[in-house]
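Report on one structure; see the data block that follows.
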Amino acid sequence: MRALFKFVVVAMCAGAFAGSADAQTYPARPIRIIVPYAPGGSTDVILRILAPRLSEELGQQVLVENRPGAASIVGLDLVAKSPPDGYTVGISNIAYGANPTLYKKMPFDAEKDLVPVGLVSIVTMVLSVHPSVPARTVKQLIALDKARPGSLNYGSAGNGSANHLATERFKHMTGTKMVHVPYKGGGPAVVSLVAGETAMLFATIPSSIQHFKTGRLVPLGVSSAKRNPALPDVPSVAEAAVPGYEAIEWQGVMVPAGTPPAVIARLNQAFARVTAIPELKERVTALGADLVGGSTEEFAAFVKRELATWSRVVKEVGLRID
């Protein structure tokens, strides 16, 4: 019995030492960043801008892998079920706060199975229309829909995505009746709008700004409370026609529950340093987003607020996916 007790103690100490050693040598191999959306959307664009500098900062290759589906649930479920060693990290966004209320059944617990590492960026969306739509202001778009209820359709990156939530909130506040057309990511949603398959989209600025410059899309209003420096001549939706309207997209890093605190701290430090690089901040700001960084504790509090806020909004709007 005494021998068994000694064996258990030694094994526990060895495990603790191994965990400590892993944290001290982390990272020792390439790291996967799971972007839970298709290529071309703002989450994908921003993380691919950051990845090369993250590789330099961490001393290991950082690979961006797209795993789209179910408003980020498919990709983040993969992360939640991965070994908690810091080699598979996920990117959460606005959908993370809404999904637990939107979906009756989730394959993972958003408050227990994933833990926050740090906020990466805040992204403004812009109410955009195809040039064929006879509206050049938010007020004109609202009037057009009310004259022909249900005649306009709008795209999104999928059920529960930022675009979907932003538009449903817009519909709720304006009494409009646009028809939802979900895609498998922000990139495909923008492509469909450019092609004229959909009439409008709350597109993230990074995924659409080049189309505004070429005239293939028309920006009517930004989703933030104030104007965005990347589109200084475009009013906010609140300023233009819908007082109190606001819907902000964001990206943050999550890892599986049980990941060693030292590994989380190392990841947070790497993202904080990279998001503070002036060259990258300028590049991302020009796309209509802001690199923010911040502590793990700050991001944990932010995620908690997002879960509470979007739970309330989803119930108010009456959204349900299943």
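None of the figures in this text is laboratory data; all of them are computed from the coordinates on show. This one's a predicted model, so the numbers in the text were calculated from it and none came from an experiment. FYI the Cβ positions are ideal-geometry reconstructions off the backbone, even for glycines, and counts take in every protein chain you see.
Once backbone amide H atoms are built at 1.01 Å from N, Asn66 has Val35 as its partners under 5 Å, excluding neighbours fewer than 5 places away on the same chain.
What is the fewest-to-most order of Ser311, Ser132 by other Cβ atoms lying within 10 Å of their Cβ?
Numbers: Ser311 15, Ser132 8.
Ascending number of Cβ neighbours within 10 Å: Ser132, Ser311.
Here the Kirkwood formula, the inverse mean of 1/r across different C-alpha pairs, assigns the stretch 206-321 a hydrodynamic radius of 16.9 Å. Can you work out D for the stretch 124-240 in µm² s⁻¹ from Stokes-Einstein, where Rh is the Kirkwood radius over C-alpha pairs, the temperature is 4 °C and the viscosity is 1.567 mPa s? This corresponds to a translational diffusion coefficient of 95 µm²/s. GNM remark for the chain: springs join alpha carbons under 10 Å apart, and the peak mean-square fluctuation among Ile94, Ile46, Ile277 falls on Ile277. When the C-alpha to C-alpha distance is required to be over 30 Å, the pairs from Lys112/Lys177; Lys105/Lys304; Lys81/Lys171; Lys171/Lys213; Lys81/Lys213; Lys105/Lys213 that qualify are Lys112/Lys177; Lys81/Lys171; Lys81/Lys213; Lys105/Lys213.
Taking springs between alpha-carbon atoms closer than 10 angstrom, which of Arg53, Arg148, Arg32 fluctuates most in the Gaussian network model of the chain? In the Gaussian network model the winner is Arg148. Among Gly294, Gly252, Gly175, the residue with the largest mean-square fluctuation in a Gaussian network model of the chain, with springs joining Cα atoms closer than 10 Å, is Gly175.
Under a point-charge model restricted to the Cβ atoms of Lys and Arg (+1) and Asp and Glu (-1), what is the dipole moment magnitude of the stretch 224-322 relative to its Cα centre, in debye to the nearest 20?
Working: 11 positive and 12 negative charges, 49 e Å.
It works out to roughly 240 debye.
For the stretch 124-240, a crude dipole built from +1 on the beta carbon of Lys and Arg and -1 on the beta carbon of Asp and Glu, taken about the Cα centre, is about 120 debye to the nearest 20. Rg and Dmax of the stretch 194-259, based on Cα coordinates, read 15.1, 49 Å. Counting only residues at least eight positions apart within a chain, or on another chain, the lysines with an alpha carbon under 16 Å from that of Lys104 are Lys315.
About its Cα centre, the dipole of the stretch 52-176 is roughly 800 debye, where the only charges are +1 on Lys and Arg Cβ and -1 on Asp and Glu Cβ. Taken over the chain, the convex hull of the Cα atoms encloses 128 Å³ per residue. Given the DSSP H assignment, sum -39500 (n - 2.57) over each helix run of at least 4 residues in the chain and divide by its residue total; what's the result at 222 nm in deg cm²/dmol, nearest 500? Mean residue ellipticity at 222 nm (helix-derived): -14500 deg cm²/dmol. With neighbours defined as other Cβ atoms within 10 Å of a residue's Cβ, the residues Lys315, Lys184 order from fewest to most as Lys315, Lys184. P(r) tail for the stretch 54-213: Cα pairs beyond 20 Å make up 56% of the total.
Positive end of the dipole of the chain, charges at C-beta (+1 Lys, Arg; -1 Asp, Glu), about the Cα centre: which of Pro30, Gly97, Ile209 has its Cα farthest in that direction? After comparing all options, I get Gly97. Restricting the stretch 127-189 to chymotrypsin sites (Phe, Trp or Tyr not before Pro) that sit in a DSSP loop and have at most 16 other Cβ atoms within 10 Å of their own Cβ leaves nothing. Counting neighbouring Cβ atoms within 10 Å and putting the fewest first, the residues Lys281, Lys226, Lys213, Lys105 line up as Lys105, Lys213, Lys226, Lys281.
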